[in-house]
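Structure first, commentary second.
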Amino acid sequence: MTKLNLSVAVGPYDRTRALIDGSVQIDGVNPSCMTLSPEEIFFRAFRHAEFDICELSLSSFTVKTAQGGGPYVGVPAFVSRAFRHTSIYVRTDRIKKPEDLKGKRVGVPEYQLTANVWARAILEDDYGVKPSDIQWVRGGIEDADRPEKITIKLPADVKLEDAPAGKSISAMLAEGTIDGFIAPRPPSLPKNTPNVGWLFPDPVAAAKDYYKRTGIFPIMHIVGVRRTLAEQHPWLPGAVFKAFEQSKAKALDLLSDTSATKVTLPFVEERLAEAKSLMGEDFWSYGLSANRKTLESFFKHHHSQGLSSRLVTPEEMFHPGTHEAFKI
């Protein structure tokens, strides 16, 4: 069989490295790999469908699925996951606890970003702060002119305004014209900016408590395969899923080899043991069945926050060829 020459765009993670360096192959594919930032991949994918296989925002893909589908079909390889307690920054001189955000102004780079969906879910479920309780201000973290990647229509009770011309939400947080900031990246601030910090003073402890109560490790990004390719080659999404699984397995094997630390960071061995103790051996799971609860929680909040026109299901988000894997 002649291999398909396909473009692959993903972030440069340890769990994608084996795909990027070629030590793990996608069956039937001759890949041309690009390592790009999530912002660039998502913009190019959702605006122009430039890649054959690529990392995708879970939120943006959910919007497209609810609307009837977009240029990609989903693969449940969750290449980015993160507890988003670290994503909420506030003016510490006026916000002391989550409930203090009611009636306040909070900046976001894009309202529908996956990280922001999860952060709003945490605020609502655990602290009773609803999206409608906040005045949202949309602007770039650094670039004041950052646009929403896809068009959204919010509920009438959700208040969203654009930042003033030429103002980033980082600058507004520093000067105090907004009270909070939620984004996948930290605010871009001058060194030692006063009165700005995390909403949760110990976000790791808050995230561990959240996981113990919910069993949810938030999913940020999935993998997409160009729909026309999946229709022509029904085996392709399953082959992509298999390769991403194998690449992640290689990364975890290397991470577990403590003869020489593979990550330029102390205490990696201890943090790995800590994660397994809290979350189990398969703490960064791929696949539909192991992640059903997390996905259903996200879809519920995504719909209730007015981002998806209807409640989607895990099955319709991902190509049928990825719902199950063979066993020996």
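The values are calculated or read from the model by the stated rules, or taken from the named source; none is laboratory data. As the structure is a prediction and not an experimental result, all values here were calculated from the model. Quick reminder, even Gly has a Cβ in these numbers, built from the backbone with ideal geometry, and neighbours come from all protein chains shown.
For the reader, a short list of remarks on this structure follows.
- Any chance E39 is touching a residue at least 60 places away in the same chain (Cβ under 8 Å), under 27 Å from V263 (Cα atoms), acidic (D, E) and buried (at least 16 other Cβ atoms within 10 Å of the Cβ): no
- Strands (runs of 3 or more DSSP E) fully within the range 23-106 counting 2 or more residues that are over 28 Å from V158 (Cβ atoms): 29-35, 53-57, 72-81
- Whichever residue in the range 273-328 is of a type in the set (G, A, S) and assigned to a helix (DSSP H, G or I) and, among such residues, is farthest from D157 (Cα to Cα): A273
- Only listed residue being of a type in the set (G, A, S), at pLDDT below 95 and not assigned by TED's automatic domain parsing to the domain that holds H303, chosen from A119, A115, A156: A156
- In the range 107-129, the residue that is nearest to P164 (Cα to Cα) out of those that are aliphatic (A, V, I, L, M) and not in a strand (DSSP E or B) is L113.
- Members of the range 283-311 that are exposed (fewer than 12 other Cβ atoms within 10 Å of the Cβ) and without any contact (Cβ under 8 Å) to a residue 40 or more places away in the chain: S289
- Close pairs (7 angstrom Cβ cut-off, 6 or more residues apart or separate chains): in the same structural domain as G69 (by TED's automatic domain parsing) and of a type in the set (S, T, N, Q) in the range 225-254, in a helix (DSSP H, G or I) and surrounded by 22 or more Cβ atoms within 10 Å (Cβ to Cβ) anywhere: S247/R15; S247/T16; S247/L19
- Yes/no for Y127 being buried (at least 21 other Cβ atoms within 10 Å of the Cβ), modelled with pLDDT of 95 or more, hydroxyl-bearing (S, T, Y) and not assigned by TED's automatic domain parsing to the domain that holds P12: no
- Residue count for the range 240-255, restricted to those that are crowded, with 21+ Cβ neighbours inside 10 Å and either aliphatic (A, V, I, L, M) or at pLDDT below 95 (or both): 2
- Tally of residues being part of a strand (DSSP E or B) and surrounded by fewer than 17 Cβ atoms within 10 Å (Cβ to Cβ) across the range 157-215: 6
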